[in-house]
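A quick write-up on the structure given underneath.
The values are calculated or read from the model by the stated rules, or taken from the named source; none is laboratory data. This structure is a prediction, so every number in the text was calculated from the model and none was measured. Don't worry about glycine lacking a Cβ; one is built from the backbone with ideal geometry, like all the others, and counts go over all protein chains shown. Protein only, heavy atoms only, side chains kept; ligands, DNA and RNA dropped before computing areas. Shrake-Rupley method; radii C 1.70, N 1.55, O 1.52, S 1.80 Å.
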Amino acid sequence: MGIKKRHWAWAAPLAVVLLAATGCESTQGAPARTTAAPTTSGARSTPVARVCDTPEAGPAKAPAGAVTVDPAKVGDLAAKTKSNPPDTTFWLRPGKHRLDADRYAQVIPKKGDRYLGAPGAVLDGRKINEYAFAGTAQGVTIRYLTVQAFVPPQNEGVVNHDSADGWVIEHATIQDNAGAGLMAGARQQVRDNCLRANGQYGMNAYKGSGRISGLVVEGNEITGNNTGDWERRQEGCGCTGGIKFWAVDGADVRGNWVHDNRGTGLWADTNNNDFRIEDNVLEANDGAALIYETSYNAVIRNNTIRHNNWVEGRKAAGRGDTFPFATVYLSESGGEPRIKARTDKIEIYGNLLEDNWSGITLWENADRFCNSPANTSSGDCTLLVKKTSRCANPAIAKAPLYADCRWKTQRVDIHNNRFVLDKSVMKCTTKCDRMAVLSNYGTYPDWSPYKGEQVAEAITLKQHNLWHDNVYVGPWTFVVHDPSKVLTFQDWKGMPYQQDAGSTFRASDGG
């Protein structure tokens, strides 16, 4: 079966209140967010993948040679998968398909198996079964099927539970599950799906051992995920998002509509490398639209990013937190020429950021490095040091380990973006207007060679982080070195920071 033409809608005519449309709860006191078209001059219209409202229909008849699966027979899908050879095509008739009433009942595909859903075909876990499709078979395809109501444990997934390689998931609706709707393996293609209202993630791109390479995530609608509100249940867990990426080496994330997720939209966390994040619409997520954390080498371009971070930004401001919580947040991430990728820096360009809670923050925690107790990345080391134990005194205080034991926010090039801010849209009076490059004062552990202001000085002035040739509309301020140093645009452009050469700044579109 070939890939059919995607359903696209243009951003301009939507004007839909997303919180109401997706059933997500708004935060009391926060203004409603809409998908109204950008009104700023020169703004680009970005296509929106409205997959959930207009899913592509599967074949109404069984393809030649396909095995027909009967929804009236409980467990028929798993049984026929077991009894047929690899490379079998299964056609699921219209109706609600069920597995046996055992929490561990699941489908274990064989290599090259293909699952095609007829119009109205649903695989329903009934809040009984933990997993839908599992096992290590490679090259499995799932198309046109709705998968819902499965209940995997925390951090585990429903489809491709074991992160097998080479799977293709297209035109599927994966919704209303606990945990992650979908896991990912190497060379996985995730196209034109609706990943909606899952308990933690729409997709968790994580493999228990090894790295994931060659991942494609294209044309999906990713919305309303983290219904379990895990960050509230486990404060600081970092375990939610529309999609979470962990140790992915080479990913193309393009043309997706990532909206109204509780928490972060897209979150790349720990030793990811070589990402292209382009032509997406990221909007109305409660937290940051994008976090790129302890990772390397990425191109972030031509995205429309609007109305994000209103909930989490407002919450932080309300508790008096002075940290510049941003809509695009780079945490200990930068370009590294020694790690093979399609770029040797992080380049952010051609994006429209409109009416988000703050803009871009570049951050480097002075106390977070390989072998530090303050490293939250489960004991992982950087991609430049194979053994964590090497990052210890006295060797860490000297080259090359002094540099290589840190994930560094360096070689970040931010240019030709449009940053638009109207505080009245989000009813904000303070702390929603910041662009930042900063660190903290290093204090921990007692053997750390990074104590004091040296990391703050490095990220601000010495690590080749540069803004230039951007357009600013609105009352932007600029934070450097640490949260206490807030600058005007003119001070930001002047010595010693010398940022935003060639950029323009005006108070409003009419000013």
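Based on DSSP loop calls and a cut-off of at most 14 other Cβ atoms within 10 Å, the longest stretch of the chain free of exposed chymotrypsin sites (Phe, Trp or Tyr not before Pro) is what? Result for the longest clean stretch: 105-440. In deg cm²/dmol and to the nearest 500, what is the mean residue ellipticity at 222 nm of the chain if only DSSP H runs of at least 4 residues count, each as -39500 (n - 2.57), divided by the residue total? Only helices count here, giving -1500 deg cm²/dmol.
Of all lysines in the structure, those lying under 24 Å Cα to Cα from LYS315, and not within fewer than 8 positions of it along the same chain, are LYS244, LYS423, LYS427, LYS431, LYS485. Roughly speaking, to the nearest percent, how much of the chain's 1.4 Å accessible area is carbon and sulfur? The value for the chain is 51 percent carbon and sulfur by accessible area. Whole angstrom only: what separates the Cα centroid of region 325-387 from the Cα centroid of region 443-500? For region 325-387 versus region 443-500, the Cα centre distance is 15 Å. Each of HIS464, HIS307 has its accessible area taken with a 1.4 Å probe; listed largest first, they run HIS464, HIS307. Using 0.36 nm per residue and subtracting the Cα-Cα separation, the extra length available between ASP380 and LYS451 on full extension is 23.4 nm. When nucleic acids and ligands are ignored and a 1.4 Å probe is applied, THR89 ends up with an accessible area of around 30 Å². Within the assembled protein chains, the solvent-accessible surface assigned to LYS345 is about 60 Å², based on a 1.4 Å probe.
Each Cα pair under 8 Å and six or more residues apart adds its sequence gap; the mean of these over the residue count of region 427-511 is a relative contact order of 31 percent.
Can you sort ARG232, ARG262 by solvent-accessible area, 1.4 Å probe, largest first?
Putting ARG232, ARG262 in descending order of accessible area: ARG232, ARG262.
Report the GluC sites (Glu not before Pro) located in region 234-303 that are in a DSSP loop and have at most 14 other Cβ atoms inside 10 Å of their Cβ, or state none.
Those satisfying the criteria are GLU235.
Within straight-line reach of LYS398, meaning a Cα separation under 28 Å, sit the following lysines at least 8 residues removed in sequence or on another chain: LYS340, LYS345, LYS386, LYS387, LYS408, LYS451, LYS462.
Can you work out D for region 418-482 in µm² s⁻¹ from Stokes-Einstein, where Rh is the Kirkwood radius over C-alpha pairs, the temperature is 20 °C and the viscosity is 1.002 mPa s?
Approximately 153 µm²/s, per Stokes-Einstein.
Provide the net charge surrounding LEU438, with neighbours chosen by a C-beta distance below 12 Å and charges set as Lys +1, Arg +1, Asp -1, Glu -1. The answer is -2. Counting only residues at least eight positions apart within a chain, or on another chain, the aspartates and glutamates with an alpha carbon under 20 Å from that of LYS73 are ASP100, ASP102, ASP124, GLU130. Accessible area per residue was computed with a 1.4 Å probe on protein heavy atoms; ARG418 scores about 40 Å².
Where both residues lie in the chain, what percent of DSSP beta bridges are antiparallel, nearest 5?
Of all bridge pairs located within the chain, approximately 5 percent are antiparallel.
Taking every C-alpha pair closer than 8 Å and separated by at least 6 residues, the mean separation divided by the residue count of the chain gives a relative contact order of 8 percent.
The equivalent ellipsoid of region 250-313 has semi-axes of 20, 14, 8 Å, largest first, where each one is the square root of 5 times an eigenvalue of the Cα gyration tensor. For region 392-403, backbone phi angles converted through the Karplus equation (6.51, -1.76, 1.60; θ = phi - 60°) give residue-by-residue couplings of 8, 5, x, 5, 5, 7, 10, 5, x, 5, 4, 8 Hz, Gly and Pro being listed as x. Residue order by solvent-accessible surface for LEU487, LEU266 is LEU487, LEU266, largest first, with ligands and nucleic acids left out and a 1.4 Å probe. Taken as Cα centroids, region 117-190 and region 210-283 sit 16 Å apart, rounded to the nearest whole angstrom. Other residues within the sphere of radius under 9 Å centred on the Cβ of MET183, judged by their own Cβ, net out at -1 (K and R +1, D and E -1). Excluding THR88 itself, what net charge comes from residues whose Cβ is under 15 Å from its Cβ, given Lys and Arg +1 and Asp and Glu -1? So the surrounding residues net to +3.
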